[in-house]
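A short worksheet on the structure shown next.
The values are calculated or read from the model by the stated rules, or taken from the named source; none is laboratory data. All figures in this text were calculated on a predicted structure; none of them were measured in a lab. As a convention, Cβ positions derive from the backbone with ideal geometry for all residues, glycine included, and neighbour counts pool all protein chains shown. Note: accessible area is taken over every heavy atom of the protein model, side chains too, but ligands, DNA and RNA are not part of it. Shrake-Rupley method; radii C 1.70, N 1.55, O 1.52, S 1.80 Å.
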Amino acid sequence: LKVNIDFKNQPSKNYSVFVDELNEIVLDTKVAIVTNTTVAKLHLDEFLPLVKAKEVHVITVQDGEQYKNFETINYILDEMFKAKLDRKSTLIAFGGGVVGDMTGFTASIFQRGIDFIQVPTTLLSQVDASVGGKTGINNSFGKNLVGAFHQPRAVYCESKFLKTLPKREFAAGVAEIVKMAVTFDKEFFDFLEKNDLNNDNNLRKAIAKCVEIKADVVAKDETEQGIRSVLNYGHTFGHVIENQTKYSKYLHGEAVAMGIVMANNLATKLNLLTQDEASKIKQLLEQYSLPTTYELKDSKDFYEGFFLDKKTFNNKIKFILANGIGDFKIVDDVSKTLVLESINNEQ
Ligand SMILES: NC(=O)c1ccc[n+]([C@@H]2O[C@H](COP(=O)([O-])OP(=O)(O)OC[C@H]3O[C@@H](n4cnc5c(N)ncnc54)[C@H](O)[C@@H]3O)[C@@H](O)[C@H]2O)c1
Ligand SMILES: [Zn+2]
(Lines give C-alpha, C1' and ligand atoms only; values in the text may rest on other atoms or scores of the structure.)
(Ligands and ions follow the chains in the order given, each with its own letter.)
Protein backbone atom coordinates (compact mmCIF):
# COMPACT_ATOMS: atom_id res chain seq x y z
CA LEU A 1 0.00 0.00 0.00
CA LYS A 2 1.19 3.46 -0.83
CA VAL A 3 -0.15 6.87 0.16
CA ASN A 4 1.09 10.08 -1.46
CA ILE A 5 1.33 13.37 0.36
CA ASP A 6 0.68 16.06 -2.14
CA PHE A 7 1.58 19.60 -1.07
CA LYS A 8 -0.32 21.44 -3.76
CA ASN A 9 1.72 24.64 -3.74
CA GLN A 10 5.07 23.14 -2.81
CA PRO A 11 5.44 19.95 -4.88
CA SER A 12 9.15 19.67 -4.03
CA LYS A 13 8.07 18.51 -0.57
CA ASN A 14 5.84 15.69 -1.80
CA TYR A 15 6.57 12.18 -0.59
CA SER A 16 5.08 8.74 -0.25
CA VAL A 17 4.26 6.65 2.78
CA PHE A 18 4.65 2.94 2.11
CA VAL A 19 2.82 0.44 4.26
CA ASP A 20 4.38 -3.01 4.24
CA GLU A 21 6.25 -2.30 1.02
CA LEU A 22 9.82 -2.11 2.27
CA ASN A 23 12.19 -4.19 0.17
CA GLU A 24 15.27 -2.02 0.04
CA ILE A 25 16.18 1.60 0.58
CA VAL A 26 18.68 2.49 -2.13
CA LEU A 27 20.49 5.83 -1.96
CA ASP A 28 23.55 7.10 -3.80
CA THR A 29 24.60 9.18 -0.79
CA LYS A 30 26.15 8.55 2.60
CA VAL A 31 23.61 7.47 5.18
CA ALA A 32 23.36 7.35 8.95
CA ILE A 33 20.65 5.29 10.58
CA VAL A 34 19.61 6.78 13.92
CA THR A 35 18.08 4.26 16.29
CA ASN A 36 17.96 3.51 20.02
CA THR A 37 19.35 0.65 22.10
CA THR A 38 16.03 -1.22 22.34
CA VAL A 39 15.14 -1.09 18.66
CA ALA A 40 18.71 -1.83 17.61
CA LYS A 41 18.73 -5.00 19.69
CA LEU A 42 15.39 -6.20 18.34
CA HIS A 43 15.42 -5.23 14.68
CA LEU A 44 18.65 -3.73 13.40
CA ASP A 45 20.01 -7.06 12.12
CA GLU A 46 16.97 -7.36 9.94
CA PHE A 47 16.87 -3.75 8.82
CA LEU A 48 20.52 -2.91 8.18
CA PRO A 49 21.00 -5.14 5.12
CA LEU A 50 18.03 -3.44 3.45
CA VAL A 51 19.82 -0.11 3.33
CA LYS A 52 22.07 0.20 0.30
CA ALA A 53 24.11 3.39 0.14
CA LYS A 54 27.60 4.77 -0.45
CA GLU A 55 28.33 4.36 3.24
CA VAL A 56 25.98 3.26 6.00
CA HIS A 57 26.65 4.42 9.56
CA VAL A 58 24.60 3.59 12.64
CA ILE A 59 24.09 6.08 15.46
CA THR A 60 22.50 4.56 18.56
CA VAL A 61 20.99 6.75 21.26
CA GLN A 62 19.58 5.84 24.66
CA ASP A 63 15.96 4.79 24.93
CA GLY A 64 13.47 7.14 26.55
CA GLU A 65 11.55 10.38 26.31
CA GLN A 66 13.97 11.86 28.88
CA TYR A 67 16.72 11.68 26.26
CA LYS A 68 14.72 13.68 23.75
CA ASN A 69 16.84 16.75 24.37
CA PHE A 70 19.69 18.91 23.05
CA GLU A 71 22.33 16.67 24.56
CA THR A 72 21.24 13.79 22.37
CA ILE A 73 20.97 16.07 19.33
CA ASN A 74 24.55 17.16 19.95
CA TYR A 75 25.62 13.57 20.24
CA ILE A 76 23.97 12.68 16.92
CA LEU A 77 25.54 15.74 15.24
CA ASP A 78 29.00 14.82 16.57
CA GLU A 79 28.65 11.28 15.26
CA MET A 80 27.59 12.67 11.89
CA PHE A 81 30.64 14.95 11.69
CA LYS A 82 32.92 12.11 12.79
CA ALA A 83 31.52 9.98 9.98
CA LYS A 84 32.15 12.90 7.60
CA LEU A 85 28.58 13.13 6.46
CA ASP A 86 27.96 16.03 4.11
CA ARG A 87 25.13 18.17 2.78
CA LYS A 88 24.07 15.42 0.40
CA SER A 89 23.83 12.76 3.13
CA THR A 90 20.60 11.23 4.38
CA LEU A 91 19.48 10.34 7.87
CA ILE A 92 17.16 7.40 8.48
CA ALA A 93 15.10 7.37 11.68
CA PHE A 94 14.64 3.79 12.84
CA GLY A 95 12.54 3.72 16.00
CA GLY A 96 9.45 5.17 17.65
CA GLY A 97 8.29 8.76 17.80
CA VAL A 98 11.15 9.86 20.03
CA VAL A 99 13.80 8.69 17.58
CA GLY A 100 11.74 10.04 14.68
CA ASP A 101 11.31 13.51 16.17
CA MET A 102 15.00 13.79 17.08
CA THR A 103 16.28 12.46 13.79
CA GLY A 104 14.03 14.79 11.83
CA PHE A 105 15.15 17.75 13.91
CA THR A 106 18.81 16.86 13.48
CA ALA A 107 18.28 16.54 9.72
CA SER A 108 16.65 19.97 9.70
CA ILE A 109 19.71 21.67 11.23
CA PHE A 110 22.72 19.64 10.04
CA GLN A 111 24.46 21.96 7.58
CA ARG A 112 21.19 23.91 7.33
CA GLY A 113 19.11 20.90 6.44
CA ILE A 114 19.54 17.50 4.81
CA ASP A 115 17.13 14.77 3.75
CA PHE A 116 15.73 12.18 6.11
CA ILE A 117 13.60 9.06 5.86
CA GLN A 118 11.29 7.69 8.54
CA VAL A 119 11.12 3.99 9.35
CA PRO A 120 8.78 4.06 12.36
CA THR A 121 8.70 1.00 14.62
CA THR A 122 5.88 1.79 17.07
CA LEU A 123 2.20 1.82 16.20
CA LEU A 124 1.92 5.42 17.40
CA SER A 125 4.74 6.58 15.16
CA GLN A 126 3.43 4.61 12.16
CA VAL A 127 -0.08 6.05 12.35
CA ASP A 128 0.80 9.53 13.54
CA ALA A 129 4.26 10.82 14.43
CA SER A 130 6.26 9.77 11.36
CA VAL A 131 4.01 11.53 8.88
CA GLY A 132 3.71 15.28 8.65
CA GLY A 133 7.15 16.73 9.31
CA LYS A 134 6.83 17.92 12.89
CA THR A 135 10.23 17.39 14.45
CA GLY A 136 11.72 18.49 17.74
CA ILE A 137 12.81 17.96 21.30
CA ASN A 138 11.77 18.75 24.86
CA ASN A 139 13.43 21.13 27.29
CA SER A 140 12.97 22.07 30.93
CA PHE A 141 10.05 24.34 30.00
CA GLY A 142 7.99 21.62 28.40
CA LYS A 143 7.50 19.05 25.68
CA ASN A 144 8.24 19.62 22.00
CA LEU A 145 8.93 23.31 22.57
CA VAL A 146 11.98 23.38 20.30
CA GLY A 147 11.84 22.07 16.77
CA ALA A 148 11.19 22.61 13.11
CA PHE A 149 8.86 21.60 10.35
CA HIS A 150 10.94 19.33 8.15
CA GLN A 151 9.20 16.82 5.92
CA PRO A 152 10.76 13.40 5.37
CA ARG A 153 11.59 12.21 1.84
CA ALA A 154 9.72 8.94 2.42
CA VAL A 155 8.13 6.94 5.22
CA TYR A 156 8.19 3.14 5.46
CA CYS A 157 5.70 1.64 7.92
CA GLU A 158 6.36 -2.07 8.39
CA SER A 159 3.77 -3.80 10.53
CA LYS A 160 6.15 -6.71 11.14
CA PHE A 161 8.30 -4.52 13.40
CA LEU A 162 5.29 -4.09 15.69
CA LYS A 163 5.29 -7.74 16.75
CA THR A 164 7.76 -6.99 19.54
CA LEU A 165 5.90 -3.97 20.83
CA PRO A 166 4.73 -4.22 24.48
CA LYS A 167 0.94 -4.47 24.76
CA ARG A 168 0.59 -1.10 26.44
CA GLU A 169 2.60 0.61 23.70
CA PHE A 170 0.42 -1.04 21.08
CA ALA A 171 -2.75 0.16 22.80
CA ALA A 172 -1.32 3.68 23.05
CA GLY A 173 -1.12 3.67 19.27
CA VAL A 174 -4.70 2.45 19.04
CA ALA A 175 -5.84 5.56 20.94
CA GLU A 176 -4.45 7.72 18.11
CA ILE A 177 -6.16 5.47 15.55
CA VAL A 178 -9.51 5.91 17.34
CA LYS A 179 -8.84 9.67 17.44
CA MET A 180 -8.59 9.83 13.66
CA ALA A 181 -11.60 7.61 13.02
CA VAL A 182 -13.88 9.55 15.37
CA THR A 183 -13.00 12.97 13.97
CA PHE A 184 -12.67 12.14 10.29
CA ASP A 185 -14.17 8.87 9.15
CA LYS A 186 -17.34 7.11 10.30
CA GLU A 187 -16.80 4.12 8.03
CA PHE A 188 -13.35 3.61 9.51
CA PHE A 189 -14.83 3.78 13.00
CA ASP A 190 -17.36 1.06 12.07
CA PHE A 191 -14.47 -1.00 10.70
CA LEU A 192 -12.60 -0.66 14.00
CA GLU A 193 -15.66 -1.74 15.97
CA LYS A 194 -15.93 -4.92 13.95
CA ASN A 195 -12.29 -5.81 13.29
CA ASP A 196 -9.62 -6.65 15.83
CA LEU A 197 -6.33 -4.85 15.22
CA ASN A 198 -4.40 -7.80 16.61
CA ASN A 199 -5.07 -9.38 13.25
CA ASP A 200 -2.29 -8.54 10.75
CA ASN A 201 -4.58 -7.73 7.85
CA ASN A 202 -6.82 -5.46 9.89
CA LEU A 203 -3.82 -3.73 11.35
CA ARG A 204 -2.32 -3.07 7.93
CA LYS A 205 -5.62 -1.59 6.74
CA ALA A 206 -5.89 0.62 9.80
CA ILE A 207 -2.34 1.91 9.47
CA ALA A 208 -2.92 2.76 5.82
CA LYS A 209 -6.22 4.48 6.62
CA CYS A 210 -4.63 6.64 9.32
CA VAL A 211 -1.76 7.55 7.04
CA GLU A 212 -4.30 8.57 4.40
CA ILE A 213 -6.17 10.74 6.88
CA LYS A 214 -3.00 12.30 8.23
CA ALA A 215 -1.54 12.85 4.76
CA ASP A 216 -4.65 14.66 3.68
CA VAL A 217 -4.71 16.88 6.76
CA VAL A 218 -1.01 17.71 6.58
CA ALA A 219 -1.11 18.49 2.86
CA LYS A 220 -3.92 20.97 3.53
CA ASP A 221 -2.35 22.56 6.60
CA GLU A 222 1.32 21.77 7.10
CA THR A 223 2.00 24.26 9.89
CA GLU A 224 -1.23 23.83 11.87
CA GLN A 225 -3.02 27.08 11.11
CA GLY A 226 -6.35 25.27 10.95
CA ILE A 227 -7.49 21.72 10.25
CA ARG A 228 -4.26 20.08 11.48
CA SER A 229 -5.29 21.05 15.00
CA VAL A 230 -8.12 18.50 14.77
CA LEU A 231 -5.45 15.85 15.38
CA ASN A 232 -5.42 17.24 18.92
CA TYR A 233 -8.81 15.69 19.69
CA GLY A 234 -8.50 14.23 23.18
CA HIS A 235 -5.12 15.93 23.58
CA THR A 236 -6.27 19.16 25.23
CA PHE A 237 -7.49 17.08 28.18
CA GLY A 238 -4.78 14.45 27.72
CA HIS A 239 -1.95 16.94 28.05
CA VAL A 240 -3.28 18.09 31.42
CA ILE A 241 -3.46 14.47 32.57
CA GLU A 242 0.12 13.86 31.44
CA ASN A 243 1.24 17.00 33.18
CA GLN A 244 -0.57 16.24 36.45
CA THR A 245 0.83 12.72 36.53
CA LYS A 246 4.32 14.01 35.67
CA TYR A 247 4.57 12.06 32.42
CA SER A 248 5.26 8.90 34.37
CA LYS A 249 1.99 7.15 35.21
CA TYR A 250 0.47 7.05 31.73
CA LEU A 251 1.78 6.65 28.22
CA HIS A 252 0.82 9.50 25.93
CA GLY A 253 -1.79 7.38 24.14
CA GLU A 254 -3.32 6.34 27.46
CA ALA A 255 -3.71 9.97 28.49
CA VAL A 256 -5.25 10.65 25.08
CA ALA A 257 -7.76 7.82 25.62
CA MET A 258 -8.94 9.40 28.88
CA GLY A 259 -8.84 12.80 27.21
CA ILE A 260 -11.09 11.54 24.42
CA VAL A 261 -13.66 10.40 26.99
CA MET A 262 -13.54 13.80 28.73
CA ALA A 263 -13.88 15.63 25.42
CA ASN A 264 -16.86 13.41 24.62
CA ASN A 265 -18.48 14.31 27.95
CA LEU A 266 -18.26 17.91 26.88
CA ALA A 267 -19.51 17.12 23.37
CA THR A 268 -22.60 15.36 24.74
CA LYS A 269 -23.35 18.36 26.97
CA LEU A 270 -23.18 20.55 23.87
CA ASN A 271 -25.42 18.11 21.97
CA LEU A 272 -22.73 17.37 19.41
CA LEU A 273 -22.57 13.72 20.37
CA THR A 274 -25.22 11.34 21.73
CA GLN A 275 -24.68 9.27 24.88
CA ASP A 276 -24.84 6.21 22.70
CA GLU A 277 -22.05 7.45 20.41
CA ALA A 278 -19.93 8.44 23.39
CA SER A 279 -20.25 4.99 24.94
CA LYS A 280 -19.40 3.29 21.65
CA ILE A 281 -16.15 5.24 21.53
CA LYS A 282 -15.40 4.43 25.16
CA GLN A 283 -16.09 0.74 24.53
CA LEU A 284 -13.73 0.66 21.59
CA LEU A 285 -10.93 2.14 23.71
CA GLU A 286 -11.64 -0.35 26.48
CA GLN A 287 -11.45 -3.22 24.03
CA TYR A 288 -7.71 -2.51 23.93
CA SER A 289 -7.48 -2.14 27.71
CA LEU A 290 -6.93 1.59 27.45
CA PRO A 291 -7.80 3.56 30.60
CA THR A 292 -10.94 5.67 30.20
CA THR A 293 -11.43 7.23 33.63
CA TYR A 294 -8.99 9.58 35.19
CA GLU A 295 -8.93 9.80 38.97
CA LEU A 296 -9.49 13.47 39.30
CA LYS A 297 -8.29 15.17 42.45
CA ASP A 298 -9.49 18.71 41.90
CA SER A 299 -11.35 19.86 38.82
CA LYS A 300 -10.37 23.53 39.30
CA ASP A 301 -6.75 22.52 39.42
CA PHE A 302 -7.29 20.50 36.28
CA TYR A 303 -8.87 23.52 34.60
CA GLU A 304 -5.81 25.64 35.37
CA GLY A 305 -3.79 23.00 33.57
CA PHE A 306 -5.33 23.98 30.23
CA PHE A 307 -3.52 27.30 30.40
CA LEU A 308 -0.12 25.62 30.54
CA ASP A 309 -0.69 24.11 27.10
CA LYS A 310 1.28 25.86 24.37
CA LYS A 311 -1.84 25.64 22.21
CA THR A 312 -3.95 27.80 24.53
CA PHE A 313 -3.86 31.37 23.20
CA ASN A 314 -5.35 34.54 24.67
CA ASN A 315 -6.81 32.62 27.61
CA LYS A 316 -9.21 30.86 25.25
CA ILE A 317 -9.22 27.09 25.48
CA LYS A 318 -9.73 25.54 22.09
CA PHE A 319 -11.57 22.23 22.26
CA ILE A 320 -11.62 19.78 19.37
CA LEU A 321 -14.86 17.87 19.78
CA ALA A 322 -16.53 15.02 17.97
CA ASN A 323 -19.52 16.21 15.99
CA GLY A 324 -21.23 12.85 15.74
CA ILE A 325 -18.87 10.02 14.84
CA GLY A 326 -16.78 10.86 11.77
CA ASP A 327 -16.83 14.63 12.03
CA PHE A 328 -15.40 17.31 14.30
CA LYS A 329 -16.18 20.74 15.62
CA ILE A 330 -13.70 23.27 16.98
CA VAL A 331 -15.16 25.17 19.92
CA ASP A 332 -13.47 27.96 21.88
CA ASP A 333 -16.30 29.60 23.77
CA VAL A 334 -17.32 26.97 26.32
CA SER A 335 -18.19 28.24 29.79
CA LYS A 336 -15.91 27.28 32.64
CA THR A 337 -18.86 25.66 34.46
CA LEU A 338 -19.57 23.32 31.59
CA VAL A 339 -15.91 22.37 31.26
CA LEU A 340 -15.69 21.69 34.99
CA GLU A 341 -18.78 19.50 34.79
CA SER A 342 -17.39 17.45 31.95
CA ILE A 343 -14.08 16.76 33.63
CA ASN A 344 -15.84 15.64 36.78
CA ASN A 345 -16.50 12.01 35.95
CA GLU A 346 -19.25 11.83 38.55
CA GLN A 347 -21.46 14.27 36.65
N1 LIG B 1 6.00 14.54 15.22
C2 LIG B 1 4.73 14.29 15.47
O3 LIG B 1 3.83 14.67 14.72
C4 LIG B 1 4.39 13.52 16.69
C5 LIG B 1 3.10 13.03 16.87
C6 LIG B 1 2.82 12.27 17.99
C7 LIG B 1 3.82 12.00 18.90
N8 LIG B 1 5.07 12.49 18.71
C9 LIG B 1 6.16 12.21 19.64
O10 LIG B 1 6.41 10.82 19.60
C11 LIG B 1 6.91 10.40 20.87
C12 LIG B 1 6.15 9.16 21.28
O13 LIG B 1 6.39 8.15 20.34
P14 LIG B 1 6.24 6.61 20.70
O15 LIG B 1 4.96 6.40 21.36
O16 LIG B 1 6.59 5.87 19.48
O17 LIG B 1 7.34 6.45 21.86
P18 LIG B 1 8.85 5.93 21.86
O19 LIG B 1 9.57 6.38 20.66
O20 LIG B 1 9.41 6.31 23.18
O21 LIG B 1 8.66 4.35 21.81
C22 LIG B 1 8.03 3.71 22.88
C23 LIG B 1 8.89 2.56 23.41
O24 LIG B 1 8.84 1.47 22.49
C25 LIG B 1 10.17 1.05 22.17
N26 LIG B 1 10.10 0.48 20.83
C27 LIG B 1 10.11 1.12 19.64
N28 LIG B 1 9.89 0.25 18.65
C29 LIG B 1 9.76 -0.97 19.22
C30 LIG B 1 9.50 -2.26 18.70
N31 LIG B 1 9.32 -2.47 17.41
N32 LIG B 1 9.42 -3.29 19.58
C33 LIG B 1 9.56 -3.08 20.91
N34 LIG B 1 9.79 -1.88 21.45
C35 LIG B 1 9.89 -0.83 20.62
C36 LIG B 1 10.98 2.31 22.31
O37 LIG B 1 12.34 2.01 22.46
C38 LIG B 1 10.36 2.92 23.57
O39 LIG B 1 10.85 2.29 24.71
C40 LIG B 1 6.74 11.55 21.82
O41 LIG B 1 8.00 12.15 22.05
C42 LIG B 1 5.84 12.51 21.07
O43 LIG B 1 6.07 13.86 21.39
C44 LIG B 1 5.36 13.23 17.61
ZN1 LIG C 1 -0.89 12.16 20.31
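Any idea how far apart K52 and E24 come out in nm if each label point goes 7 Å out from Cα toward Cβ?
0.1 nm
Which entries of K246/K300; K68/K311; K30/K134; K52/K167 show an alpha-carbon separation above 26 angstrom in the structure shown?
K52/K167
Once you have the Cα-Cα distance between V331 and K88, take 0.36 nm times their residue separation minus that, and quote the gain in nm to one decimal.
Computed gain between V331 and K88 is 83.0 nm.
Please state, to two decimals, what the Cα-based radius of gyration of segment 130-259 comes to when divided by 2.2 N^0.38 Å (N = residues).
In units of the globular-protein estimate, segment 130-259 measures up at 1.08.
So what's the gap between the Cα centers of segment 219-262 and segment 291-347, to the nearest angstrom?
Comparing the Cα centres of segment 219-262 and segment 291-347, I get a distance of 11 Å.
For E71 and K8 in one chain, what is 0.36 nm times their gap in residues minus the Cα-Cα distance, to one decimal in nm?
19.0 nm
Rounded to the nearest whole Å³, what is the per residue volume of the convex hull around the Cα atoms of the chain?
About 128 Å³ per residue, rounded to a whole number.
Nearest 0.05, what FRET efficiency do S140 and K194 give at R0 = 45 Å with Cβ-Cβ as r? Walk me through the numbers on the way to the answer.
Values: r = 46 Å, r/R0 = 1.01.
Given R0 = 45 Å and the Cβ-Cβ separation, E is 0.50.
As an exercise, use a Förster radius of 30 Å and the Cβ-Cβ distance of T245 and K160 to find the FRET efficiency, rounded to the nearest 0.05.
0.35
Solvent-accessible area per residue for segment 1-99 at a 1.4 Å probe radius, Å²? Spell out each step's value before the answer.
Working: 5340 Å² over 99 residues.
Accessible surface, normalised per residue, equals 54 Å².
Once the Cβ-Cβ distance between L270 and K300 is put in as r, and R0 is 22 Å, what FRET efficiency do you end up with, to the nearest 0.05?
With a Förster radius of 22 Å, E is 0.60.
Segment 203-296: D in µm²/s via Stokes-Einstein (Kirkwood Rh, Cα pairs, 4 °C, 1.567 mPa s)?
The diffusion coefficient I find is 89 µm²/s.
With a 1.4 Å probe and all protein chains left in place, how much of the accessible area of the chain comes from carbon and sulfur atoms, in whole percent? Before the final figure, lay out each step's value.
On the way: 7470 of 15930 Å².
Percent of accessible area from carbon and sulfur atoms in the chain: 47.
Using Cα centres only, tell me the gap between segment 36-66 and segment 67-121 in whole Å.
The two parts, judged by their Cα centres, are 12 Å apart.
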